[in-house]
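Okay, structure first, notes after.
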Amino acid sequence: MTYAIVYDSRTGNTKRLAQAVAETLPADGRLAFGNVGEVDGATLAAVDRVYVGFWTNRGDCTDEAAELLASLGGKEVFLFGTCGFGADATYFAGVMARVLTHLPESAHVVGTFMCQGSMPPSVRERYERQAEANPAQAARMAQLIENFDEAVNHPDENDLARLRAAVEALP
């Protein structure tokens, strides 16, 4: 089987996942590994399976990742992503459901994986400023800061191990 690993990573979280996928799979079938925009369409057309990584942007993948997904008709696809907000399976499922809508009907999803990912420090600073500026929002901002602090260490070794296991379990 031939494959490509293509990822969209802003802070390095999704790139870490992509590297874990690459380490899990045999190198002899890999025709491409790279960021969205670095892997050409001809290579993607030639592979049997595409492993696509994305970071969550407002509850969905980025426009660049969506454009890539739309081009994968007839391909086996494994989707993996990171999300700064929450480690909740229900939230992750909602994100993945929105991402899946970008794939053509002829694509065959062979698996999915989501985990929490760290966010830039500027996000925490913004929450702190909002809590100070608007005391009525302080409790909500405290929840967001708590989530931020939990996300700092992700993806962690447990996340990477779960991703590797999901990839290894594929036919």
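The values are calculated or read from the model by the stated rules, or taken from the named source; none is laboratory data. Only a predicted model underlies this, so the values are computations on that prediction, with no experimental measurement involved. Cβ coordinates were reconstructed from backbone atoms using ideal geometry, including for glycine residues, and neighbour counts include every protein chain displayed. Side chains included, ligands, DNA and RNA excluded: accessible areas come from the protein's heavy atoms. Shrake-Rupley method; radii C 1.70, N 1.55, O 1.52, S 1.80 Å.
You will find that of THR90, THR82, THR101, THR11, the residue that is among the polar types (S, T, N, Q), surrounded by 21 or more Cβ atoms within 10 Å (Cβ to Cβ) and out of contact with any Asp or Glu (no Cβ under 6 Å at 6 or more places or on another chain) is THR82 and no other.
Select from the stretch 120-151 the residues that are modelled with pLDDT of 95 or more and not in a helix (DSSP H, G or I) and list them in ascending order. Answer for the stretch 120-151, where residues must be modelled with pLDDT of 95 or more and not in a helix (DSSP H, G or I): just ASN134.
Of all residues in the stretch 16-31, those that are in a strand (DSSP E or B) have Cβ atoms under 8 Å from Cβ atoms of residues that are surrounded by fewer than 20 Cβ atoms within 10 Å (Cβ to Cβ), 6 or more apart or on another chain, in ARG30/THR2; ARG30/ALA22; LEU31/THR2; LEU31/THR43; LEU31/ALA46.
For the stretch 52-62, indicate whether the set of residues that are open to solvent by 20 Å² or more (accessible area, probe 1.4 Å), within 12 Å of the chain's Cα centre (by Cα) and closer than 21 Å to VAL167 by Cα is non-empty. First the steps, then the outcome.
At the first step, the residues of the stretch 52-62 found to be open to solvent by 20 Å² or more (accessible area, probe 1.4 Å) are 55-58, 60.
Of the ones still in play, those that are also within 12 Å of the chain's Cα centre (by Cα) are 55-57, 60.
With the extra rule that they be closer than 21 Å to VAL167 by Cα, the set shrinks to 55-56.
Yes: one or more hits.
If a residue must be open to solvent by 60 Å² or more (accessible area, probe 1.4 Å) and either within 16 Å of ASP48 (Cα to Cα) or out of contact with any Leu (no Cβ under 6 Å at 6 or more places or on another chain) (or both), how many such residues does the stretch 110-119 contain? Here the count works out to 0. In the stretch 1-42, how many are more than 22 Å from LEU170 (Cα to Cα) and hydroxyl-bearing (Ser, Thr, Tyr)? Of the residues in the stretch 1-42, 2 are more than 22 Å from LEU170 (Cα to Cα) and hydroxyl-bearing (Ser, Thr, Tyr). Selection of the stretch 14-51 for residues being under 27 Å from VAL123 (Cα atoms), open to solvent by 30 Å² or more (accessible area, probe 1.4 Å) and not small (Gly, Ala, Ser) yields LYS15, ARG16, GLN19, ASN35, VAL36. Among the residues of the stretch 63-79, just one is surrounded by fewer than 15 Cβ atoms within 10 Å (Cβ to Cβ) and touching a residue at least 40 places away in the same chain (Cβ under 8 Å), namely GLU64. For the criterion of being assigned to a helix (DSSP H, G or I), at pLDDT 95 or above and of a type in the set (A, V, I, L, M), ALA4 fails.
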